[in-house]
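For reference, the structure is listed below as structure tokens.
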Amino acid sequence: MGGQVNIGVVGCGAISAQYFRTIARLPRLRLVAAADLDLDRAREAVRPYEGVEVMSVAELMADPRVDVVLNLTVPAAHAEIALQAIAAGKDVYCEKPLAATVAQAGEMLRAADAAGVRLGCAPDTVLGTGTQTARQAIDDGLIGRPIAATATMMTPGHERWHPNPDFYYVPGGGPLLDMGPYYITSLVTLLGPVRTVIGAANRTRSKRTIGSGPRQGEEIPVTVDTHVTGVLVHDSGALTTLVMSFDGAATKSPNIEVHGEKASLVVPDPNRFDGPVLMSKVGQDGWSDLPTSAGYIDAGRGVGLADFACTPAGTEPRTGGSLAFHVLEIMESLLASAHSGASVPITSTCARPRPVALLPSENT
Ligand SMILES: NC(=O)c1ccc[n+]([C@@H]2O[C@H](COP(=O)([O-])OP(=O)(O)OC[C@H]3O[C@@H](n4cnc5c(N)ncnc54)[C@H](O)[C@@H]3O)[C@@H](O)[C@H]2O)c1
């Protein structure tokens, strides 16, 4: 796509403000329309921005000015909204996970393919300087052949700060489907696709208590596993050990470490765009900071949307649907493995997304 791309957003909740700030500073994107089940919430969210029309979801889908539908609804609604956008002949970019289930995500991919439109998905944090600098180090051979990785996310749960945390505790949520997309997208970027998974999981409490906002003190039901651990066997033979938990107070483990034959890397938080990349060579005492060498500089949520919207026809976007589908299949299979006790082969695959050169995010 050349020129400016008009965005229509569906879902104006907690994360929308970050997108709107990024869209406002990226020259290729223009926010033209906003919809939400709660139209007052949409009006409030776009108030700081001129020229954004608030309308119903149906009106937004029918609006000929909208080139790309930005789907910031809750995971359970991702498929429904994406399928409406696809039926309207529009490209669609979803927040993560791509859908609440692999079955829904498969339907989205097939519908997009049949309609000749594109499907994209967060996270875009992995396009920032943190993950991209680590990826460049691996591609340049600094750590030798990658052997293993660890990925650790440990929090007591988002109900402490999110005013409407219900979606974190129903299918499509939980620590794995909520935070796993950052970690697993980063791991596929660093180490390539996954062929088999082995999982184990616990659900420690049947209820959670909302910790902030107008519903503070209200109990919400938990219908998903809240501590998930497992092993990802990458096509390359590298083995990732993963822990994703809403059941721990805190951790001092690095978010991600990658170990190669020659050196180990500490990779920054994949839920952030930047952060230091550390390397320790076999025999070295301590860790050295690697210079920032790749990725979008000063990026914010929405650079992946710009990257998607500006990817030329015929090229798979870095935040494309096949990567997000593969990540979702890995997560669903980890949970299936946890419940069956058997390893689960992954049927989908994807290319490692193209690397990002060191560039200001305004240049997406
Ligand atoms: N909150 C965060 O920090 C955060 C960070 C990164 C990604 N995300 C992802 O962003 C997405 C949204 O999260 P959030 O925290 O903004 O949720 P939220 O509940 O605060 O907002 C979601 C909004 O979508 C609207 N909505 C739901 N179903 C709809 C439908 N069918 N049609 C129109 N509007 C609908 C809701 O009314 C609500 O305003 C989720 O996929 C989440 O995983 C959230």
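The values are calculated or read from the model by the stated rules, or taken from the named source; none is laboratory data. Please read these numbers as outputs of a predicted model, since none were measured by experiment. Cβ: placed from backbone, ideal geometry, glycine included. Neighbour counts: every protein chain shown. Just the protein is used for accessible areas: all its heavy atoms, side chains included, with ligands, DNA and RNA removed. Shrake-Rupley method; radii C 1.70, N 1.55, O 1.52, S 1.80 Å.
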- [ ] Along Cα→Cβ, 7 Å out, is where each label goes; now give me the distance between the ones at Arg160 and Ala24 in nm to one decimal.
- [x] 3.0
Open item on the list: Below 15 Å, Cα to Cα, which aspartates and glutamates can Lys90 reach? Residues fewer than 8 away in the same chain don't count.
Closed with: Glu59, Asp63, Asp67, Glu80, Asp113
- [ ] Assuming R0 = 45 Å, can you tell me the calculated FRET efficiency for the pair Asp140 and Ala103, based on Cβ-Cβ distance, to the nearest 0.05?
- [x] 0.70
Task: Inter-label distance, nm, simple model (7 Å from Cα along the C-beta direction), Trp287/Ala313 - done: 4.7
Open item on the list: Tell me the Rg and the Dmax, in Å, that the Cα atoms of the range 124-258 produce.
Closed with: 16.5, 52
Open item on the list: Using the Karplus curve 6.51 cos²θ - 1.76 cosθ + 1.60 with θ = phi - 60°, what ³J(HN,Hα) values do you get for each residue of the range 72-80, in whole Hz, with x for Gly and Pro?
Closed with: 10, 7, 6, x, 5, 9, 4, 5, 4
Open item on the list: Taking 22 Å as R0, compute the FRET efficiency from the Cβ-Cβ separation of Glu50 and Ala17 and round it to 0.05.
Closed with: 0.85
Task: Nearby aspartates and glutamates by direct alpha-carbon distance to Lys207 (threshold 16 angstrom, same-chain neighbours under 8 apart not counted) - done: Glu159, Asp166, Glu218, Glu219, Asp225, Asp247
Task: Solvent-accessible heavy-atom area per residue, rounded to whole Å², over the range 247-347 at 1.4 Å - done: 44
Open item on the list: What are the extents of the Cα atoms of the range 188-330 along their three principal axes, in Å, largest first?
Closed with: 48, 46, 32
TODO: May I ask you to list the aspartates and glutamates whose Cα is less than 17 Å away from that of Lys262, ignoring any residue fewer than eight positions away on the same chain?
DONE: Asp139, Asp140, Asp285, Asp289
TODO: Give the calculated FRET efficiency between Ile147 and Thr251 to the nearest 0.05, with a Förster radius of 25 Å applied to their Cβ-Cβ distance.
DONE: 0.65
Task: Low-density loop positions, trypsin sites (Lys or Arg not before Pro), the range 214-309 - DSSP coil, at most 11 other Cβ in 10 Å - done: Lys252
Task: Inverse of mean 1/r across different Cα pairs in the range 31-116, Kirkwood, Å - done: 13.3
Task: Length added when fully stretched, Ser340-Ser212, from 0.36 nm per residue minus Cα-Cα - done: 42.4 nm
Task: Per residue accessible area of the range 154-231, 1.4 Å probe, in Å² - done: 38
- [ ] Please give the contour-minus-distance gain from Ala58 to Ile297: 0.36 nm per residue of separation, less the Cα-Cα distance, rounded to one decimal in nm.
- [x] 82.4 nm
TODO: For the chain, give the percent of accessible area contributed by carbon and sulfur heavy atoms, probe 1.4 Å, rounded to a whole number.
DONE: 54
TODO: Find how many whole Å separate the alpha carbon centroid of the range 294-342 from the alpha carbon centroid of the range 141-204.
DONE: 13
Open item on the list: Multiplying the sequence separation of Ala357 and Asn202 by 0.36 nm and subtracting their Cα-Cα distance, what value in nm do you get?
Closed with: 51.8 nm
Task: Integer Hz, Karplus 6.51/-1.76/1.60 couplings in order for the range 33-50, x for Gly and Pro - done: 8, 9, 9, 7, 4, 9, 5, 5, 5, 5, 4, 5, 5, 9, 3, x, 10, 7
Open item on the list: Tell me the per residue accessible area of the range 57-124 using a 1.4 Å probe; a whole number in Å² is fine.
Closed with: 34
Open item on the list: Along each principal axis of its Cα atoms, how long is the chain end to end? Whole angstroms, biggest number first, please.
Closed with: 61, 48, 37
